[in-house]
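The values are calculated or read from the model by the stated rules, or taken from the named source; none is laboratory data. Here the structure is a predicted model, which is why all the values come from computation and not from measurement. So basically every Cβ, Gly included, is an ideal-geometry build from the backbone, and we count neighbours across all protein chains shown. We work out accessible area using only protein heavy atoms, side chains counted, and drop any ligands, DNA or RNA first. Shrake-Rupley method; radii C 1.70, N 1.55, O 1.52, S 1.80 Å.
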Amino acid sequence: MTTLSLSPEVTVFHDKRTGSLQYVVADPAAKTCVIIDPVYDYDEKSGQTWTENADRILGFVAERGYSVAWILDTHPHADHFSAAPYLKEKLGAPMATGAYVTGVQKLWADFYNWPDFPQDGSQWDHLFHAGDTFSVGGLTGYVMHSPGHTLASITYVIGDAAFIHDTIFQPDSGTARADFPGGSAAALWESMQAILALPPETRLFTGHDYMPAGRDVTWQSSIAEQLATNVHLSRYKTREDFIAAREARDATLPMPKLILHALQVNINGGRLPAPEANGRRYLRIPVDLLSRGSGE
């Protein structure tokens, strides 16, 4: 019989190249886990791909003897490729993300001029809606829709842990940008309020850490800590002030260097483009699509 637990074991894997934080979230008593936001390595200068990050996760899961219930993405990422298909091939576990990914697929299929691209989320084994639940051994997880950074962003709450990815960063880094296609500073504000209304004992795990001022990488915070010390939330306390500050800040930011590379892979569930007649795979880069940002 599985031992019920409200506090999952959370193990983090940091990708220094992209600042991404990948998670294995487990019920050790049940020997069951989920993998959240795994990275498939890609070098934009050479075009090379490899699987160092995903293989670290595979090694950890094998060492612990865990079965993997789900491979989860919080949204289609703009700074790295998802390793979900690679891990599914190795583990046999189903891939899932939020049902709201179809809105991102529609936007970006148009940007890439892919009229025949499937825009129904069928690239994943399962699509979660807000309020849906899932099991991780004796733990129960549920899904919150957390738009703002993207249309499709979701939060996974598993026991006392919430995986909030690009919504709220560590307190010294503030909050996520909201200027990607489909993003909204107003929606981001509402999503943050919903996250901060979770039970006060909830542990918050972010999806990136860029180590400001050269500090060591960190990934966990508390609701109380965020409310008191987050450099954006503690300063911009009203919806209007936050939206104005977030939009002004976003107008100065250059786009992530991999956004045009990554979205075409990640709206396809993390799958690379099919090989062409010569056996090679090619990425498609639209020209003059996105703003450079005034601070570049």
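General remarks:
- So residue 201, is it open to solvent by 30 Å² or more (accessible area, probe 1.4 Å) and at pLDDT 95 or above: no
- Pair list, Cβ under 7 Å, 6 or more apart: segment 86-105 residue touching a residue at least 12 places away in the same chain (Cβ under 8 Å) and open to solvent by 10 Å² or more (accessible area, probe 1.4 Å), other residue of a type in the set (D, E, K, R) and not in a helix (DSSP H, G or I): 94/125; 102/120
- Residue 120 vs. criteria free of Cβ contacts under 8 Å to residues at least 40 places away in the same chain, part of a helix (DSSP H, G or I), more than 27 Å from residue 48 (Cβ to Cβ) and of a type outside the set (Gly, Ala, Ser): no
- Scanning segment 16-63 for residues that are under 28 Å from residue 143 (Cβ atoms) and β-branched (Val, Ile, Thr) turns up 18, 24, 25, 32, 34, 35, 36, 39, 51, 57, 61.
- Condition check for residue 278: closer than 30 Å to residue 48 by Cα, modelled with pLDDT of 95 or more, more than 24 Å from the chain's Cα centre (by Cα) and of a type in the set (S, T, N, Q): yes
- Close pairs from segment 41-66: first within 12 Å of residue 26 (Cβ to Cβ), partner open to solvent by 50 Å² or more (accessible area, probe 1.4 Å) and modelled with pLDDT under 95, Cβ under 8 Å, at least 6 apart: none
- Considered as a group, the residues in segment 4-23 that are among the hydroxyl-bearing types (Ser, Thr, Tyr) and part of a strand (DSSP E or B) include one that is nearest to residue 40 (Cα to Cα), and that residue is 20.
- Failed condition for residue 163, given (1) free of Cβ contacts under 8 Å to residues at least 60 places away in the same chain; (2) touching a strand residue (DSSP E or B) at 6+ places or on another chain (Cβ under 7 Å): (1)
- Among the residues making up segment 126-155, those that are open to solvent by less than 60 Å² (accessible area, probe 1.4 Å), free of Cβ contacts under 8 Å to residues at least 40 places away in the same chain and within 20 Å of residue 266 (Cα to Cα) are 127, 128.
- Annotation: residue 184 fulfils all but one of (1) of a type outside the set (D, E, K, R); (2) over 28 Å from residue 129 (Cα atoms); (3) open to solvent by 30 Å² or more (accessible area, probe 1.4 Å); (4) in contact with a Gly (Cβ under 7 Å, 6 or more places away or on another chain); the unmet one is (2).
- Which listed residue, of 245, 228, 224, is part of a helix (DSSP H, G or I), open to solvent by less than 60 Å² (accessible area, probe 1.4 Å) and either of a type in the set (A, V, I, L, M) or modelled with pLDDT under 95 (or both): 245
- Residues of segment 81-111 satisfying the condition of being under 23 Å from residue 44 (Cα atoms) and of a type in the set (Phe, Trp, Tyr): 81, 86, 108, 111
- Check on residue 19, in contact (Cβ under 8 Å) with a residue 12 or more places away in the chain, under 30 Å from residue 214 (Cα atoms) and among the small types (Gly, Ala, Ser): yes
- Inside segment 155-190, residues that are more than 15 Å from residue 221 (Cα to Cα), out of contact with any Pro (no Cβ under 6 Å at 6 or more places or on another chain), outside any strand (DSSP E or B) and not charged (D, E, K, R) make up a count of 11.
- If the condition is being closer than 14 Å to residue 167 by Cα, open to solvent by less than 50 Å² (accessible area, probe 1.4 Å) and assigned to a loop (DSSP other than H, G, I, E, B), then segment 204-221 contributes 207, 209.
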